[in-house]
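This report refers to the structure that appears directly beneath it.
The values are calculated or read from the model by the stated rules, or taken from the named source; none is laboratory data. Please read all numbers here as calculations on a predicted model, not as lab measurements. A quick note on method: Cβ atoms are made from the backbone with ideal geometry, for glycine too, and the neighbour counts reach across all protein chains shown.
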Amino acid sequence: MGCFSSKSAYSKANRVDRWRSTGIVALRDSKLKAFPDEVLDLERSVRTLDLTHNRLVDIPVEISKLINLQRLILSDNLIERLPINLGKLQSLKVATLDQNRITTLPDELGQLVKLERLSVSMNLLMGLPETIGSLRNLVLLNVSNNKLKSLPESIGSCFSLEELQANDNSIEELPASVCNLIHLKSLCLDNNNLKQIPPNLLKESKSLQNISLHNNPISMEQFQQMEGFQEFEARRKKKFDKQIDSNVMISSKGLDEGVDL
């Protein structure tokens, strides 16, 4: 018994030493019900934390100790809320929180000024905080499969945003500020309640190459009559021409991807 305990302690120490030296903590599929204290004790050493597919319900406030954390992956857990001091993770670049039970995001989310990728699909979000507009380095935002009825006006201040995924919600209209997203390339809004999109979107968002609007009460005719449609079509065609020239395999529906309605 004593020998077994010694081996177990040695193995645990080995694991912690490995985490400390690599900066990577990977505990996928570990049947965890509580956030591991030994990870929090590493503090500044952790750069990547992956706790995918466990049974975590709470994220402790002590997570703010991980001040050098760059990638936080908590997909497929039972998390209902995020701690308000999440904003202290000032080095965070990637936050993946898909497939949990999160109902709200804290206002402090806006303090994560280095965040580049935020994915919170398959949760129970009723809305997004206005502070999301402070995420000036955000390139990807995925809020698909939630309970959103709208997006905040402040989203137009996410000036670096290239991809916005908001499929499978109940969004009825887009804020006019999305026209400010001059780097936006892909806008996915399948299965919502959109009757129209901001009239200047195609004209102002000069990088836009793909819009997907399947199963919304908006017609192709409405879309084609928007100012800037011809320029949008030219960008879309150029995108796929480049893919074909590069011998990239695309599906039969790929060439229609840009104006899915």
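No other residue among S251, S212 is at pLDDT 90 or above, of a type in the set (S, T, Y) and out of contact with any helix residue (DSSP H, G or I) (no Cβ under 9 Å at 6 or more places or on another chain) apart from S212. Scan the strands (runs of 3 or more DSSP E) fully inside the range 87-187 and keep the ones with 3 or more residues being under 26 Å from D76 (Cα atoms) and not hydroxyl-bearing (S, T, Y). Those strands (runs of 3 or more DSSP E) span 140-142, 163-165. Starting from the range 228-240, take each residue that is over 20 Å from P198 (Cα atoms) and list its partners that are surrounded by fewer than 17 Cβ atoms within 10 Å (Cβ to Cβ), counting only C-beta distances under 6 angstrom and pairs at least six apart or across chains. Every condition considered, the pairs that remain are F240/L255.
May I ask you to verify whether I244 is at pLDDT 90 or above, assigned by TED's automatic domain parsing to the domain that holds N191 and among the β-branched types (V, I, T)? So that I can check it myself, show each step before the final result.
Working: at pLDDT 90 or above: no; assigned by TED's automatic domain parsing to the domain that holds N191: yes; among the β-branched types (V, I, T): yes.
In short, no.
When residues in the range 71-86 are screened for being in a loop (DSSP other than H, G, I, E, B), farther than 15 Å from N142 by Cα and among the polar types (S, T, N, Q), 1 of them pass.
Reported count of residues in the range 99-148, each being within 28 Å of R55 (Cβ to Cβ) and small (G, A, S), is 4.
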